[in-house]
1. Taking segment 52-101, which residues are part of a strand (DSSP E or B) and closer than 30 Å to residue 131 by Cβ?
2. With the requirement that a residue be at pLDDT below 90 and in contact with a strand residue (DSSP E or B) (Cβ under 6 Å, 6 or more places away or on another chain), what does segment 41-56 give you?
3. Please verify whether segment 80-94 includes one or more residues that are modelled with pLDDT of 60 or more, exposed (fewer than 10 other Cβ atoms within 10 Å of the Cβ) and at positive phi.
4. Check 124, 90 and return the single one that is within 26 Å of residue 50 (Cα to Cα) and touching a helix residue (DSSP H, G or I) at 6+ places or on another chain (Cβ under 6 Å).
5. For residues that are in contact (Cβ under 8 Å) with a residue 40 or more places away in the chain and outside any strand (DSSP E or B), scanning just segment 120-131, find the one that is surrounded by the most Cβ atoms within 10 Å (Cβ to Cβ).
6. When the residues of segment 137-149 are narrowed to those that are part of a strand (DSSP E or B) and surrounded by fewer than 17 Cβ atoms within 10 Å (Cβ to Cβ), which ends up modelled with the lowest pLDDT?
7. With the checklist (1) within 13 Å of the chain's Cα centre (by Cα); (2) without any contact (Cβ under 8 Å) to a residue 40 or more places away in the chain; (3) farther than 19 Å from residue 49 by Cα in hand, flag the one item residue 96 doesn't pass.
């Protein structure tokens with residue numbers, strides 16, 4: 001019950017109505033169009049699943065008690081980064097900006113981004129650790145059947 005409520009929250013009605021989720025393939029990944037590198041987001045339909053894949057990265061602290069501790073901390077940071085990326089892809093990012101102008105010159109510019117979402121059911125597909133950098137490939141499969149429970 002909690003799982004389906006979380007997915008329903010993530011996939012709000014407004015996102016579905018604007019066509020954010022609609023696709024023709026059974027499992028759809030991000031499709032790149034042309035040479036501009038822009039990702040065309042697939043959409044979720046009643047008969048198809050949507051697969052979201054992200055790569056989280058985490059760096060080990062320089063001072064640790066052992067290599068095992070460095071690996072564990074870097075892996076945890078990579079997991080958190082991957083979950084954040086999934087939340088950004090599904091829920092979107094809130095962006096807040098502020099500029100301070102004095103005498104017609106920009107004095108200070110700040111931009112804050114935030115995301116708030118519940119992520120459940122993400123699977124770790126691959127983990128690599130080299131030179132203190134841990135990279136984790138996370139994948140989540142979304143379907144209408146999960147939302148209807």
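1. The answer is 52, 53, 54, 55, 56, 57, 58, 59.
2. Restricting attention to segment 41-56, the residues satisfying the condition of being at pLDDT below 90 are 41-52.
Scanning segment 41-56 gives 42, 43, 44, 45, 49, 50, 51, 52.
3. Quick first cut of segment 80-94, residues modelled with pLDDT of 60 or more only: 80-94.
The next check asks that each one be exposed (fewer than 10 other Cβ atoms within 10 Å of the Cβ); those that pass are none.
For segment 80-94, residues modelled with pLDDT of 60 or more, exposed (fewer than 10 other Cβ atoms within 10 Å of the Cβ) and at positive phi: absent.
4. On inspection, the qualifying residue turns out to be 90.
5. So the residue we want is 122.
6. Here the answer is 141.
7. Residue 96 satisfies all of (1) within 13 Å of the chain's Cα centre (by Cα); (2) without any contact (Cβ under 8 Å) to a residue 40 or more places away in the chain; (3) farther than 19 Å from residue 49 by Cα except (1).
Every residue, every condition in (1) surrounded by 11 or more Cβ atoms within 10 Å (Cβ to Cβ); (2) in contact with a helix residue (DSSP H, G or I) (Cβ under 6 Å, 6 or more places away or on another chain); (3) at pLDDT below 85, yes or no:
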position: 25; (1), (2), (3): yes, no, yes
position: 58; (1), (2), (3): yes, yes, no
position: 62; (1), (2), (3): no, no, no
position: 75; (1), (2), (3): yes, no, no
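The values are calculated or read from the model by the stated rules, or taken from the named source; none is laboratory data. Just so we're clear, the structure is a prediction, and the values are computed from it rather than from any experiment. When we count neighbours, we look across all protein chains shown, and the Cβ atoms used for this are built from the backbone with ideal geometry, even at glycine.
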